[in-house]
Amino acid sequence: MLYAILCYAHEETVFAWSREEEEAVMAKLIEVQTPYAEAGKLGPVGRLMPTTAATTVRKGKDEPLVLDGPFAETKEVLLGFYTLDVETLEEAVDFSKQLSAVNPGSSSYEIRPFLVFRPGEIKQSETKT
């Protein structure tokens, strides 16, 4: 099962880290990630830029509206994500606990199973549930 592990944090804290603090956190995160990557269970990992760099496209009455910044105002924002291919939710929870233990910047990890859709690979009959 593929899981998306969404990392939420207070971005003003994370993006205020010094270069040394950033490198120390990343080294610890890589220690957690390495066994999963070597086992072929860790997929793409992404870190999002600050919400000040975001653009939102929101459905309007006529034309979609393009807005600067994120749509929702929250104290914690989606900072990045991991993709993990493991057999059970418990494995995804364990991975998230390990990340949490070494990452002072993330306040929470949201775990969601997900499906991958690749245009052109889905036949019409496969899309019906």
### Query
Per-residue ellipticity at 222 nm for the chain, helices alone: DSSP H runs ≥ 4 residues times -39500 (n - 2.57), over residue total, nearest 500 deg cm²/dmol?
-9500 deg cm²/dmol
### Query
Where a Cα-Cα gap under 13 Å defines reach, which aspartates and glutamates qualify for LYS97, not counting those fewer than 8 residues away within the same chain?
GLU110
### Message
From zero outward in steps of 10 Å, how is the percent of C-alpha pairs of the chain spread across the bins?
### Response
11, 34, 31, 19, 5, 0
### Query
Short version: ³J(HN,Hα) in whole Hz for each residue of the stretch 16-21, in order, from phi by Karplus 6.51 cos²θ - 1.76 cosθ + 1.60 (θ = phi - 60°), x for Gly and Pro, what are they?
9, 4, 6, 4, 5, 5
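Let's see if you can work this out: charge +1 on each Lys and Arg Cβ, -1 on each Asp and Glu Cβ, no other charges. What is the dipole magnitude of the chain about its Cα centre, in debye to the nearest 20? Write down the numbers at each step before the final one.
Numbers: 13 positive and 21 negative charges, 105 e Å.
Computed charge dipole of the chain: roughly 500 debye.
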### Task
Could you look at the chain and say what percent of its accessible area is carbon and sulfur, using a 1.4 Å probe and all protein chains?
55
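The values are calculated or read from the model by the stated rules, or taken from the named source; none is laboratory data. All figures in this text were calculated on a predicted structure; none of them were measured in a lab. Neighbour counts are summed over all protein chains in view; Cβ atoms, including those assigned to glycine, are modelled from backbone coordinates with ideal geometry. What goes into the accessible areas is simple: the full protein's heavy atoms, side chains included, and nothing from ligands, DNA or RNA. Shrake-Rupley method; radii C 1.70, N 1.55, O 1.52, S 1.80 Å.
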